[in-house]
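Everything below concerns the one structure shown next.
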Amino acid sequence: MKEIKILSRPVLLLGMMLVAMVMLQSCDPDDDYYYDDPPLVGTWELVSPPTIGYNEFTFYPDGSGTYYVNDYYGEDTYYIEWEAWGGQLTVYFPGQMDTMYFNWSIRGNNLYLYPDDGSGPWIYVGY
């Protein structure tokens, strides 16, 4: 009878530890993405620098959007998918263009994008 009591305590303790581990995990791995609290959601029109072609980003709350560009190559609108994690923004162009990586911030009604190539900032105004 004593052997059963001695063995049941470690098993009970192990069971409680497993339950605690499961309960303390996040339910959603995307908790910190900015899809639901939309500082980026909306349409942003490029205002600076003038050395790159005119473009607009439209970010939708579900992580999709569009990228419109009008430059010396002509006009195009691309479907995009995006993720924002902290101060990092990643813009994907599925099957169309290379992925763009930015650091970003919003000040007033302006979106500041700092490309990973160090050429920024690109400054957009929301409308």
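Tell me, what is the 1.4 Å probe accessible area of residue 92, in Å² to the nearest 10?
Residue 92 exposes around 80 Å² with every protein chain in place.
Output wanted: per-residue J couplings in Hz (rounded whole) for region 95-107, from phi through Karplus 6.51 cos²θ - 1.76 cosθ + 1.60, θ = phi - 60°, x for Gly and Pro.
Whole-Hz 3J(HN,Hα) from phi for region 95-107: x, 10, 9, 5, 5, 9, 10, 9, 8, 9, 7, 10, 10.
Give me D for region 56-105 in µm² s⁻¹, whole number, from Stokes-Einstein with Rh from the Kirkwood sum over alpha-carbon pairs, 37 °C and 0.692 mPa s.
Rounded, D is 287 µm²/s.
Normalise the Debye intensity by I(0) for region 32-127, one equal point scatterer per Cα, no solvent, then take log10 at q = 0.17, 0.24 Å⁻¹ and round to two decimals.
Listed by q, the Debye log ratios stand at -0.71, -1.55.
The values are calculated or read from the model by the stated rules, or taken from the named source; none is laboratory data. Every value quoted in this text rests on a predicted model; they were computed, and no experiment measured them. Only protein heavy atoms, including side chains, enter the accessible area calculation; ligands, DNA and RNA are left aside. Shrake-Rupley method; radii C 1.70, N 1.55, O 1.52, S 1.80 Å.
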